[in-house]
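FYI, it's all coordinate maths here, none of it is from the lab. Just so we're clear, the structure is a prediction, and the values are computed from it rather than from any experiment. Here the Cβ positions follow ideal geometry from the backbone for every residue, glycine too, while neighbour counts run over all protein chains shown.
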Amino acid sequence: MKIMGFCLGQFRTSSRKCYESGKSHFFSHSPLRSLTVFRYFSIKSAANRNSREKIKFGLGNIRGLDDALCLYENMARMRPLPCVKQFTQLLSRVVNLKEYSAAIRLFKHICNLGVSVNEYTMTIAIDSCCLSNRVNYGFSILGWFFKRGCVPNVVTFSTLLKGLFRENRINEAQELFRKIVRERLCELNVVTYGTVINGLWKAGNIAMAIELLRVIEKGSCKPDIQIYNTVIDGLCKDGMIDSGLKLFAEMTEKGITPNVVTYSILVCGLCNLSRWREVKLLLKEMIDCKIYPNVMTFSTIIDALCKEGLVDEAEDVLHLMMERNTVPNVVSYNALIDGYCLQGHMTKARNLFDSMASKNIAPDIWTFNILINGYCKKMKIDDAIHLFREMCLKGLMPNIVTYSSLLDGLFRVGRCSSALKLFDELQSVGLKPNLHTYINLLDGLCKNGHAEQALTLLDALEHKGEHLHIVYYNCVLNGLCNAKKIHIARAIFRDLPSKGLEPDVVTYTILVKGCCQNGLLEEAKDLFLRMEQASLSPNGVTYNVIVRGNLRGGKYDDAARFFEEMGDKGFSPDASTFALLLDLLGTVEHNPTILKMIQKLAPSTLKQTL
């Protein structure tokens, strides 16, 4: 075995011979020879010191994956190899770069080098597996712990729990948690409990998250503010704001001080329910407690105001932020730009967008998407395309939302060929169309009189094995009915069960409307009846469609029967139905049925319709 260029076996033999002869091996040579050997060891020692310093310097200067891999190659060539701590630090840097697949491969290389990895190295490797949605690999690495005589700690198990929740494997996560508790595999801490509560909340099981919170409160490991924030956030997002406020009160009674995140969560919940008076009271309480609203709090209020149509008030909040020296971020601007777009104030939206540069705030992909969508909704497609190009020049890659908005905009202005080219382009750049993309494409073709082309596309999707949604067929059926191709629509409707699809209320309503438009009133009534037999309740749109169809077909008694049933179900005639009734009242001489239908309308309904 060679160490530092010496053969260990030879060194031991010669040393032993010298010892046996009563002479030291080193003293048997000249002073010059002794000096040479001394220098050799000194140089090697210095080289190792320099190598360690280089590793330390290299770890601190990793800017990307290439830097990390280059450093690893240098470390792998060193003899002796650097210590496991340095390899672990390198692996951690790669994970911090979010290069999870590379981290997993690097871990395998480190093991193949013969480095004695420890529990820290293996936990980092497990984290890489979980973050790359390969939690099964993480459990494989867990097996190494036991083979190497290492004991998994609370961090290891928390990482695996987080990985299972990340992959939506809720039952397995719960089973692992129960196993940890039952077999006392590690001492649970607040991070572990927080991971489980957060996972349950994101899975929509807020009731179980609260139940676990109550268990923790009774134990020795008390929940911290983060756990309470998670549960309160879950309650608020589920619309249970009063339960959230109650838990907030309990928390403060137990001496746990709320932070700005807690208040921001509650403010958001109250804003979403338009409980503005309570928002003001909560903000006052917040400031009285010396907890000042941050950019998250203000952005939440701006967004809620804009969704309520209170854009001027949202603008006032933006100015208030600046007065309070709270610098608005891109989220704040996005919320206000979206508010202007929802109101159709595209000039104001664009001016605010342009002002971001003077505030050193760079627009992100969502800023562009909001503005592009706004232009498309206002049918200003050239402005949308110009912004799309501007976005690309700034180095921001358009995503599927960008393309879906542009598709919708191009179809709105009747530029079907451009829309189809754009659809080809988004696929060529590696983007996968989603539900909204296909809906925009199919609906756009149908509304521009290309229902059969939309049907051809739908057939192509079916043959490609794409997941088909009933909404796709609703778009095409509506297009075919409007194109007076009811026979094709009926054939597709009959074939839906064979494709594994169940018609919904919209599907039936479209077919009922199509039959009425083509004078097939008996078939429309039959569909209406079959709809109820399929346990689908007709909605207000369905009733208005069949009432109008019977009125136009002169079937006034049938129309009156459906009209009365509609009122009993709590639905009102829409503007089109009411206008038709008035027209018929003037043209159908002394028809008592039409008159009775109008008289049955309550004053409030009449006012609403008019």
The chain: equivalent-ellipsoid semi-axes (sqrt of 5 x gyration tensor eigenvalues, Cα, Å): 67, 31, 27
Ranked packing of 367-377, 432-442, 219-229, most packed first, by mean Cβ within 10 Å: 367-377, 432-442, 219-229
Within-15-Å neighbourhood charge of residue 284 [Cβ basis; K, R +1; D, E -1]: +2
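Run the helix sum for the chain: -39,500 (n - 2.57) per DSSP H stretch of 4+ residues, divided by residue count, reported at 222 nm to the nearest 500 deg cm²/dmol. Don't skip to the end; give the middle numbers.
Numbers: 34 runs with 445 residues, N = 610.
It comes out at -23000 deg cm²/dmol, rounded to the nearest 500.
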Net charge over other residues, Cβ less than 12 angstrom from the Cβ of residue 568 (K, R count +1; D, E count -1): +1
Tilt relative to the chain, helix 416-428 - C-alpha long axis, 0 to 90 degrees, to 10: 20
Part-to-part distance (alpha-carbon centres) for region 144-166 and region 373-401, which is given in Å: 46
With Cα atoms, 0 to 90° folded angle of helix 170-183 axis to the chain main axis: 40
